[in-house]
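In what follows, a single structure is set out as structure tokens and then discussed.
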């Protein structure tokens, strides 16, 4: 890639047309084929999804019951906690490999998959910022028994605006006293421990980058009160709750990195967890595409299969385009972080795109099923309800656009 | 007591795939089609691994005959708990015409070479449905056979095998060394867990050529033609039982 020289200042905007290109020192090269091990991993996840998740997913959706038997099975097979390093009993899989597994599980049921993925989200702050003792204690136990954990950041009054978090942590001797309310916490009622973000510096002028601290809290600490299970539109078997913290005492050993480092840790976790969330949305979209295609090859109208009508085949074509591109997007973002580069730009693009297309593809699938699609005895209405949350959690569609535009413009301002 | 078990695993088209006949009617389409381990072979591997876990057997060796791709099948067996693998290299025309006679000769030769005292196979493969390899292998080795096994128990230096037969279940006792073929209800094969898949990478697969075993692969069979089964015709609805009897008489059925 040749570097365009000549910097005539008065022609800044035209010559700097290629600023990004001139800084590219390598050409991204995604592997054209999966390795044998990746294929085998994918096969186990696919078999588990087809044979064990899909048959029971509709019932879990109806009842909202926590799918613990499925989670336990996934844990036994090694499909959970894939990010935990080998030193703590995990497989230490790359982001790419984890995403392959996530897509297959999500194909089965995103409610089940979200319950599993919430573990990765809760663990990530410990993986990236924990000291040896914390990693051994909190990651080690996850591989010894099928335990759940949760990421406690969102509050009733602050979701996208993480800097608006009001849960307070006050230092008293060798402890911190926590008071506050968290909301929409996945696995809130099932977690063995939480990653908690709380404000340690009460001064409103203190910038977000120094005002918050990350803690690990055992769920059975006195004062931790999970609320009722929330009944949501989709992914209904996933356990989502408010959690109240009333005078909860945490030893100072449970601070991650140090006081004031919380915001960076909380945000840093997302670069690793957004690719699998995008993979999950892609799995849902692929399922919607497969179901719609199978139906279109069976249903007849006006004397032919509906798949032979261009209105339907064009819809399927566009659905296929979206699924393929979403897959490439999450694979790129996973590959970037595995290769040791900062992947914020790609992770946001993948999550934003996959979340949006999952909703579009699921809606189109319902449309292709026609009246049957609206009915609960056909699989696609669940997909449409399950898809919506992908535009909301793990950073809303709007927040992703904020991040992408900031990253994009930053390249041009350099 | 059986020290070493040989388990044969065959790479076949996955059971969920819709089979298509090649346009020239010489066989079925295999290019780009999903393949996996024959389901009865999975059951055979599971049984062998369980025997090892019960400490009734010291080593489980997985064997497969075919081109490079069968190594995937051997790896699946290793991930399920087999200790090592043997890949018998057969490719091209030899592979196309490979059948129970050749495979049983290979297995018999390997059983002698590896000093195996038990061979467990699937009762049949889901692609050719031959149901011959186990029986032929036992005959070539002059070993007793327990086929269509739905239960296998070790009793000293003998095997008690409960066989599924048309009339129900038959219990036999055979001396070791022996050949057992697995039927559907023998066990439920385990998943290969992710940690076991990673461990399996360190397990050894040795390559062997049929010539090294003194086996001649020439086939005694020639496939003349392969056709799809006839399309199912639409039925005819009738109003009354009399109509039904009348129609059956017309068609010469009664």
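Compared with the alpha-carbon gap, the fully stretched path from residue B:201 to residue B:236 is longer by 6.9 nm at 0.36 nm per residue. On full extension, the segment bounded by residue A:318 and residue A:249 gains 19.5 nm, given 0.36 nm per residue less the C-alpha separation. When you count the other C-beta atoms within 10 angstrom of each residue and take the mean per peptide, B:95-106, A:268-279 line up highest first as A:268-279, B:95-106.
At q = 0.08 Å⁻¹ the log10 of I(q)/I(0) for the stretch B:4-251 amounts to -0.36, computed by Debye summation with a single uniform scatterer per C-alpha, solvent ignored. Net length available on complete extension from residue B:166 to residue B:55 is 36.7 nm, with 0.36 nm assigned per residue and the Cα-Cα distance removed. Computed from Cα atoms, the angle from the helix B:241-250 axis to the main principal axis of chain B rounds to 80 degrees. Return, ordered by residue number, the residues of the stretch A:244-285 whose backbone nitrogen is under 12 Å from a label point located 7 Å along Cα→Cβ of residue A:225. In the stretch A:244-285, the label zone of residue A:225 (backbone N under 12 Å from the point 7 Å along Cα→Cβ) covers A:244-248. DSSP finds beta bridges in the protein assembly as shown, and of those with both partners inside it, around 60 percent are antiparallel.
Apply 1/(1 + (r/R0)^6) to the Cβ-Cβ distance of residue A:232 and residue B:254, taking R0 = 60 Å, and write down the FRET efficiency to the nearest 0.05. Efficiency at R0 = 60 Å is approximately 0.45. Can you give me the relative contact order of the stretch B:54-94 as a percent, contacts being Cα pairs under 8 Å and 6 or more apart? Relative contact order comes out at 47 percent. The angle separating the long axis of helix B:39-53 from the principal Cα axis of greatest extent in chain B is about 30 degrees. For the stretch B:68-117, the calculated P(r), taken from all Cα-Cα distances in 5 Å bins from zero up to the bin holding the longest distance, is 5, 17, 22, 26, 22, 8, 1 percent. Using C-alpha pairs below 8 Å separated by at least 6 residues, the relative contact order for chain B is 24 percent.
Put in order of Cβ neighbour count within 10 Å, fewest first, the listed residues A:59, A:230 become A:59, A:230.
Note down, for the stretch A:285-372, the three equivalent ellipsoid semi-axes (square root of 5 times each alpha carbon gyration tensor eigenvalue), biggest first, whole angstrom.
Numbers: eigenvalues 220, 22, 15 Å².
Rounded to whole Å, the semi-axes are 33, 10, 9.
Using only Cα coordinates, the Kirkwood hydrodynamic radius of the stretch A:148-204 works out to 12.0 Å.
Max-minus-min Cα coordinates of the stretch A:79-182 on each principal axis give 43, 32, 22 Å, with the largest extent listed first.
The ellipsoid that matches the Cα gyration tensor of chain A has semi-axes, each √(5λ) in whole angstrom, of 35, 30, 20, with the longest given first.
How many nm is it between the label spots at residue B:15 and residue A:339, if each spot is 7 Å from the Cα in line with the beta carbon? Output for this residue pair reads 4.2 nm.
DSSP beta bridges confined to the stretch B:4-251 are antiparallel in about 40 percent of cases.
For the stretch A:175-330, what mean projected area does the convex hull of the alpha carbons give, in nm²? All intermediate terms of the calculation are to be shown ahead of the outcome.
On the way: hull surface 51.6 nm².
Mean projected area for the stretch A:175-330: 12.9 nm², to one decimal.
Calculated FRET efficiency, residue A:42 to residue B:129, Cβ-Cβ distance, R0 = 25 Å: about 0.30 to the nearest 0.05. State the percent of C-alpha pairs, over all pairs in the stretch A:134-178, separated by a distance greater than 13 angstrom. It works out to 70 percent of all Cα pairs.
Compared with the rule-of-thumb size 2.2 N^0.38 Å for a compact globular protein, the stretch A:250-402 has a Cα radius of gyration ratio of 1.29. Between the C-alpha center of the stretch B:1-46 and that of the stretch A:347-384 there is a gap of 35 Å. The Cα-based radius of gyration of the stretch B:118-254, divided by its Kirkwood radius, gives an Rg/Rh of 1.17. Relative contact order of chain A, taken over Cα pairs closer than 8 Å and 6 or more residues apart, is 15 percent.
Largest first, the three principal axis extents of the alpha carbons in the stretch B:1-133 are 51, 28, 25 Å in whole numbers. Cβ crowding within 10 Å ranks A:374, A:314 as A:314, A:374, fewest other Cβ atoms first.
Note on the stretch A:282-329: along the principal axes its Cα atoms extend 39, 16, 8 Å, ordered by decreasing extent. Legend: ranking of residues B:83, A:161 from fewest to most surrounding C-beta atoms inside 10 Å; resulting order A:161, B:83.
Readers should treat all values here as calculations from the given coordinates under stated rules, not as data from a laboratory. This structure is a prediction, so every number in the text was calculated from the model and none was measured. Cβ atoms come from the backbone with ideal geometry, glycine included; neighbour counts cover every protein chain shown.
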